[in-house]
């Protein structure tokens, strides 16, 4: 009994050896930092990806800017052709006989200062070539151009008539002092044309009185106008290249109202040529000439009776060439282009485009 207790006591008092503890480090504890090589590789990859993103952005922006500039230029080109084409086609259309029976002398054109180009309706069109930059446009104008034209460009003068659907009324009969027509807003400062199919009168009314739907035009006519003669309001448009307050060139138009308006910005130059039928008077264009080579007889080409001069046919069409530029400098280098037969290099990094067109003068074509 004692022995057994002693053995049990010895067994219980034996030395116990603890089991080893195995610690598994966490991932956070295992990563203590980056080596210099790893850091440089990470920075290089980040810079490469940033560079790619920036290049993609810049490329997209350049493409967008180029497309926007091209669209703006093409839109201006369409508007230029619309403005010039409409007026040139209508040039010299003053009624039944158009400009065929109009002369700049007192027999037909009774407007004061008819020797000034604004009021010289005997010329359907007129132009000056490579102007000096003087506000007169190197022509005989009553009022100088403001702003002045850009030196080296051309100027186009177009005389047109607006068909209001008005005719000389039969009752009461027209006299040498007055005619009656429908009241469609005519005023005494209008330049009017009364034309039948043999002759016409261009004049500024002495006065216009209105009673209801009837307008009475008062003027000392050289003869009593024919019943049914057409009555049209005339106007003059002067197209030229000028500079705005910001120093940018543009296409300007001045009408008889007297104020030049900028139609389109970014029109750098305008060069003109004029079609002449000077061989055989057969209605075919024989050559194109610049304005300085067109004679006074070819601008007007009226015989003594006011009809076409069979020996000196007049201008029948206008060929124009315009140089357009973008608003901003968007190209990487100055652009090379050909304009007016010459190879040119742009003075800046704007985009340039040439617009060409030819429009016939309906009243001058056989």
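Comparison of 258, 266, 247 shows that the only residue that is surrounded by 20 or more Cβ atoms within 10 Å (Cβ to Cβ) and at positive phi is 266. Kindly check whether there is at least one residue in the range 177-195 that is farther than 30 Å from residue 362 by Cα and part of a loop (DSSP other than H, G, I, E, B). Looking through the range 177-195, at least one residue is farther than 30 Å from residue 362 by Cα and part of a loop (DSSP other than H, G, I, E, B). Scanning the range 159-181 for residues that are within 17 Å of residue 205 (Cα to Cα), surrounded by 24 or more Cβ atoms within 10 Å (Cβ to Cβ) and modelled with pLDDT under 95 returns a single hit, 161.
One residue stands out in the range 311-350 among those that are more than 27 Å from residue 124 (Cα to Cα) and within 16 Å of the chain's Cα centre (by Cα): the one that is surrounded by the fewest Cβ atoms within 10 Å (Cβ to Cβ), namely 327. The condition of being part of a loop (DSSP other than H, G, I, E, B) and crowded, with 23+ Cβ neighbours inside 10 Å holds for residue 131. In the range 205-248, what residues are under 31 Å from the mean Cα position of the chain (by Cα) and not in a strand (DSSP E or B)? Listed by number, the residues that qualify are 244, 245, 246, 247, 248.
Kindly indicate whether residue 145 is over 19 Å from residue 110 (Cα atoms), in a loop (DSSP other than H, G, I, E, B) and at pLDDT below 95. Taking the combined requirement at face value, the residue does not satisfy it.
Take residue 156 and decide whether it is surrounded by fewer than 19 Cβ atoms within 10 Å (Cβ to Cβ) and touching a residue at least 60 places away in the same chain (Cβ under 8 Å). It is false that residue 156 is surrounded by fewer than 19 Cβ atoms within 10 Å (Cβ to Cβ) and touching a residue at least 60 places away in the same chain (Cβ under 8 Å). Just the residues that are at pLDDT below 75 and either touching a helix residue (DSSP H, G or I) at 6+ places or on another chain (Cβ under 6 Å) or part of a loop (DSSP other than H, G, I, E, B) (or both), please, taken from the range 57-110. Result: 96, 97, 98, 99, 100, 101, 102, 103, 104, 105, 106, 107.
The values are calculated or read from the model by the stated rules, or taken from the named source; none is laboratory data. Note that the structure is a prediction, hence the values are computed from the model and not measured. FYI the Cβ positions are ideal-geometry reconstructions off the backbone, even for glycines, and counts take in every protein chain you see.
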